[in-house]
Amino acid sequence: MAASGPGRLERLAGTRFATRIAMVTERLWPLVLPVLLVAGLFLVASWFGLFRLLPDAGRYAALAAFGLAALAALYPLRFFRLPTDRQVDRRIETANTLQHAPVSTQTDRLVGADDAFSGALWREHQRRMAEKLGQLASDTPRPRVPERDPWGLRAIVPLLLVVAFAYSSSPYGGTMSDAFRAHVAGDVPPVRIDAWVTPPPYTGRAPIFMTAEANRNQTAFSVPEGSAVSLRVTGGLGDETLTYAGRDGVAIAIDPEGTVAATTEQAGAAPARPSGTRQFAHTLGGDGALVLKSGETELGGWTFSVTPDNPPVIAFADEPKRAVNGTLELAYTIEDDYGAASARAIIERRDDPGSDARPLYAAPEMGLSLPRRNAREAKTSQDLTEHPWAGVETALRLAAVDAAGQEAFSEERRLRLPERPFSNPLARAVVEQRRVLALDANRKPRVLDLMDAITIRPEDTFTNMSHYLAIRSARSRLVQAQSDDQLREVVDYLWEIALGIEEGDLSAAERRLRAAQEALKNAIENGASDEEIEQLMAELREAMQEFLREFAERAARDPKMAMPEMQMDGQELRQSDIDRMLDQIEEMAKSGMRDQAQQLLSQLQDMMNNLQAGRQQQQQGGQQSEMRQQMDQLGELMRRQQEMMNETHRLDQMQRGQRQRGQNRGEQRGEQGQQPGHGQQPGQGQGMSPEEFAEALRQLQEGQGQLQSQLDQLMEGLRGMGIEPGEGFGEAGEAMGEAGSALGEAQGERAVGEQGRALEALRRGAQDMMQQMQQAQQGDQGGSGEGGRQQSSDRDPLGRPKATTGPDFGESVQVPDEIDVQRAREILEAIRKRLGDALSPELERQYLERLLDIQ
């Protein structure tokens, strides 16, 4: 024994102690674990407040169950045994894979007589065995719990214990003493009643708080029809009921909208039973009484006198009439308790269309402007001369709708819808057949026959062969048209042909002037800002100059079309007088004298209407050459392509803005979820719905297809004149087709790119066409010096192309269009709005500031 050395024996003793602890642990842990799990479940139930929710009988049952579970968990402890020394040594030898029991040998003794030789031999054996004990290590506990719980269900209890401990600090958490404390009923909390009436928003009346201190002694209230009464009860027994009895005495029970549980607890006492907040709501449709009861006890009562909301009254103030410029003028009166919400004119046919008629167009829609505040009368004018129903006998009624949805109608008036007068017989014939086809698509064969009759001898009927080609093109389209949409395209094309025959390009200037006047009129009525008034006045001045320039050029080309005099109050007006009138209108609108500005604008509009009427009476024809007609058609085609590209760009930007705002609102809701009072303001974020956006793209796609068809017709017309269309026109047609496909796939950005490519290709084709036309003219003139002077006179003293040489295709003077300036303004306004958003990141704000160059 001494041979082994004292150091090795000390290390062996330490290893034995550690191994004994490990063996005790692995034997005791499986027996103690059930006890700990039962105790943990008891704590979970206590901290979650389950014992507070159970009645006393249930609480006793739960305690009994936990007691039995604890006894059952303690029972296996009776089988616990401490490990013996022999078992500890065998565990060390097994853990260190020692052979011949070297650990046990150190404590073993010889059996029998202890002679010198046997003692020496035994000590030598102990010494050799001790040499194997130099690197002994104790074993780790192996309780084998996973073998008994292979699913790891024991881990659920610690998780629940952590959550329950955190929950116990909340107002609804429990304690361990809840299981051993009897429930004592607490006092019923006092009842708090809050009652108010909210009138409909369109009445403009403020809510009435019936339980406010000022109204506490008042039980009768007068409110508008449709008002919403709301009542909130806090505390009490929770059995409160609300009934509403009308004039007939029948009581209607009003159910609470919901109960929000709220637990109150008195200091030093057991928790009281839950009380709640109950919300009641009811819409008042007539006189009645509201009664709140708790059981048989009446807590409050209120009587309401409901003021009925009468339907609006609308009537004609004057007979419907046709204005000088052909618009339909309606004067009417509207009366309503709180003001009408909208009004419209209902137009119905009164001729006999036939039982089998198939009209292509519905009745024209005409919205009516509402009277201003404290006024009854109003007036609305709308140009219906382009609608296929123009010239048809109709019945006209007016309809008004108030904010409550009540609708009223006026008496009926019969009239023939105003139509545009055409002095050219061929234009009148085209418009007449257009109306016949639009009112009854089944009369298509008759329209084809009349087209054939008109074009059977073109040399006798047409002075301008481009008109003949246009009508033959319309006939081809009509023959191929099968669906109603295709027939409507033909109807629109016939109207364009009639306008081209009657007055060429002047209609564009006329429409622009009328649109500018209408926009300024609406802006003044709606109280627009000074900046908007200034922009609209600039547009009106430009439209007025273009309109008067067209008159002057037309008079210069045809002496018979002398420009009528513009008069006001019997005095002739000059250009300076018109400019002075426009300045006065702008000053009055900005200074708040909107009524006087509207009156002066109406006088200016009447003056323009008289000027147009005089021009229409003086028209005697004046046909243009075929080349001029083709140039005008190409200019119109390019203008419409530009407008379509701008509209596509606007829709694409709108869709992107809506997606960005949706993402921003989602981020803001996440950031503001814990900041009350920072909700979204009503009305923000509104825009086009997916259905409206799809319909807009569909209309753009149809319009793009029409432009492509018109380009094909233009190319056919040029070939008929001996002019071969350049490659630009072919590339433009291909780009238009790609743009239409992109619109069909809702790819706005790609569509804008293709439309821009089509517009650029049209410009190249126009330049090539102009060169061919100039070569043809020089060939006809024989290259004389007069021709050279004529070519040099195609520009005015400022170097701009004259209107008599065709439209400017944009290759001469690079001046931004109005749409480009407007788009730049919209971009700057969007940047300023985004910069004013307090939620924008700092990096984004710095970038926007650099864009505006305000640092």
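Observations on the model:
- When both segment 426-452 and segment 376-398 are represented by their alpha-carbon centers, they are found 23 Å apart.
- Database remark: amide H of Phe221 closer than 5 angstrom to the amide H of Thr303, Phe304, Ser305 (H placed geometrically; neighbours at sequence offset of 5 or more, or on other chains; Pro and chain starts carry no H).
- Extension gain for Ala245 to Trp122 (0.36 nm times residue separation, less C-alpha to C-alpha distance): 33.0 nm.
- Residue-count net charge about Pro76 - beta-carbon cut-off 13 Å; Lys, Arg +1, Asp, Glu -1: +4
- Rounded FRET efficiency, nearest 0.05, which uses the C-beta distance separating Leu68 from Ile21 and R0 of 25 Å: 0.15
- Spin-label pair Glu496-Asp115: with each label point 7 Å from Cα along the Cα-Cβ axis, the two points sit 13.6 nm from one another.
- With a Förster radius of 30 Å applied to the C-beta separation of Arg413 and Arg373, the computed FRET efficiency comes to 0.65.
- Modelled this way, with points 7 Å down the Cα-to-C-beta line, the labels at Val313 and Glu749 are 5.9 nm from one another.
- Ranking of Leu153, Leu697, Leu160 by solvent-accessible surface, largest first: Leu153, Leu160, Leu697 (1.4 Å probe, protein heavy atoms only, all chains present).
- Cα gyration tensor category, rounded, prolate or oblate, for segment 461-535 with a/c compared to 1.5: oblate
- In this structure, the amide hydrogen of Thr394, modeled 1.01 Å from its nitrogen in the peptide plane, lies closer than 5 angstrom to those of Arg350, Leu415, Arg416, Leu417, counting only residues at least 5 positions away or on a different chain.
- Relative protection proxy for 55-62, 241-248, from highest mean packing down: 241-248, 55-62 (other beta-carbon atoms within 10 angstrom).
- Length added when fully stretched, Ser170-Ala155, from 0.36 nm per residue minus Cα-Cα: 3.0 nm
- Difference of contour (0.36 nm per residue) and Cα-Cα distance, Glu760 to Glu702: 18.8 nm
- Environment charge of Thr380, counting only residues whose C-beta is closer than 15 Å and scoring Lys/Arg +1, Asp/Glu -1: +2
- Förster radius 51 Å - calculated FRET efficiency between Arg650 and Glu432 (Cβ-Cβ, nearest 0.05): 0.85
- Within segment 753-767: backbone nitrogen closer than 19 Å to the Arg639 label point (7 Å, Cα to C-beta): 759-760, 762-764, 766-767
- Distance between modelled label sites at Asn215 and Gln486, nm, 7 Å Cα→Cβ extension: 6.7
- For the peptides 351-357, 228-234, 195-201, 754-760, residues were scored by their other Cβ atoms within 10 Å and the scores averaged per peptide; the highest-first order is 754-760, 228-234, 195-201, 351-357.
- Computed over protein heavy atoms with a 1.4 Å probe, the accessible surface of segment 420-552 works out to 43 Å² per residue.
- Under a 5 Å amide H cut-off, with hydrogens placed 1.01 Å from N, Ala341 pairs with Val401, Asp402, Ala403 among residues at least 5 apart or on other chains.
The values are calculated or read from the model by the stated rules, or taken from the named source; none is laboratory data. Remember, predicted model here, so these are calculated numbers, not experimental data. FYI the Cβ positions are ideal-geometry reconstructions off the backbone, even for glycines, and counts take in every protein chain you see. In case anyone asks, the SASA skips ligands and DNA or RNA and just uses the protein heavy atoms, side chains included. Shrake-Rupley method; radii C 1.70, N 1.55, O 1.52, S 1.80 Å.
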